[in-house]
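Below is one structure; the comments refer to it alone.
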Amino acid sequence: MINFEDEISEINLAYDTLLPKMKLKVSSIDVFLRNVDDPASKINLLLEKDRWLDSVQYYIQKRKAELNKLRYLKGIEIIKILYEKSLSLDHHYTAIAAMHNMEQISNPNNYKEFSLAKELLSQNPRRKSGFNLGSILGSNIYTSIIHSMLALFGNHNLSKTNKEGIIGDIECILDFTLQMNNDLKIVYFESMYLRTNSQKTILDIENLFASYTEPIEYMTTLRECRNKDDWLTINKQVTTYLQRHEFLSKSKISWDEADEMQIELEFSIDRLLQLIYSYNQFINQSAKFYEKFAFMLDSYQNEDLCLESIPVEFVELKESINITIQKFNNTYKPVELNGSKMKQLLYGVGY
């Protein structure tokens, strides 16, 4: 976006200098017409005036075409930027959604200390009563904890010291998993939801690119264009498109077709506003989700006391979420694409 405003101003300055001179020439011919009585001279002056008027109209259209070319190519650049941001965000959501560790770290049955305690309690040969849980209930966080606590407190063969030792080994594990089990599941499933929306945003950008490049007859998909780094071809086809538009405008062969070509280019540019709006909506929604995630994960009150027992994945998840929140406000929502100046330049408001 660095030189966009300068390029727009340079084009406008050139034509703002040229067109008034041409219009002044038309006005001077009108003055001569009022003072000329000779029919032949009047006809020549009228023909000359028509030529100058045609030239004025031609250069008005030429300026419009040059500005539209600049705005169109800037639109391609914006689509490219939003696509890269969306792909990056999708990779992030995919990584979060793929964290099956979240399910593992939220269940005490996956911790070695808890498994050893369960095994110790189940191996009591003098236990005359009790029962073993099946595989389903045995892996359930709540039933396995209740079953193990009942076995522990009901075991009269273990001393008070031994019981306190077992409790000490699994205290933080039980506290963490009971408090964070539901929150970690929310993070996981809502990340899956955000990933679905992320993929929809990517598809919307790809579809817009297809319709955006249709007028210039560029039929390669956005994904293929990105993979092949084929952006130069788009520039060439835009140039070819506008050369044909200039030929039709100048030769008067088909002004209707020239006007239609101009309208198609402007319509493609206008659709960018909808894309930027929907992209920003998605980023804002994602940011709110992640702010909620951060609040939920920060709510674990005993983190300092149980730091040695808390899995490293939990700490990494919190760090990743906090970093991503910052990216939502900076990296993923570039200021240069959302400023009023950019919109004015892109849509020609005041320029």
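Whenever a residue of region 21-50 is touching a residue at least 24 places away in the same chain (Cβ under 8 Å), its partners that are basic (Lys, Arg), lying with C-beta atoms within less than 7 angstrom and at least six residues away or across chains, give the pairs VAL26/LYS49. If the condition is being acidic (Asp, Glu) and not in a helix (DSSP H, G or I), then region 227-282 contributes ASP229, ASP230.
Given the criteria over 16 Å from GLY75 (Cβ atoms) and surrounded by fewer than 14 Cβ atoms within 10 Å (Cβ to Cβ), does THR240 qualify? Can you show your working first?
Working: over 16 Å from GLY75 (Cβ atoms): yes; surrounded by fewer than 14 Cβ atoms within 10 Å (Cβ to Cβ): yes.
It is true that THR240 is over 16 Å from GLY75 (Cβ atoms) and surrounded by fewer than 14 Cβ atoms within 10 Å (Cβ to Cβ).
Among the residues of region 35-75 satisfying the criterion of being among the acidic types (Asp, Glu) and part of a helix (DSSP H, G or I), which is nearest to ILE276 (Cα to Cα)? The qualifying residue nearest to ILE276 (Cα to Cα) is GLU66. For residues in region 302-321 being exposed (fewer than 12 other Cβ atoms within 10 Å of the Cβ) and more than 18 Å from ASN107 (Cα to Cα), which is modelled with the lowest pLDDT? Checked region 302-321; the qualifying residue modelled with the lowest pLDDT is ASP304.
In region 22-31 there is no residue matching the filter, namely being of a type in the set (Lys, Arg), under 27 Å from LYS69 (Cβ atoms) and exposed (fewer than 12 other Cβ atoms within 10 Å of the Cβ).
Among the residues of region 243-271, just one is under 24 Å from the mean Cα position of the chain (by Cα) and either of a type in the set (Lys, Arg) or more than 19 Å from ILE76 (Cβ to Cβ) (or both), namely ARG271.
The values are calculated or read from the model by the stated rules, or taken from the named source; none is laboratory data. These figures come from a predicted structure and were not determined experimentally. A quick note on method: Cβ atoms are made from the backbone with ideal geometry, for glycine too, and the neighbour counts reach across all protein chains shown.
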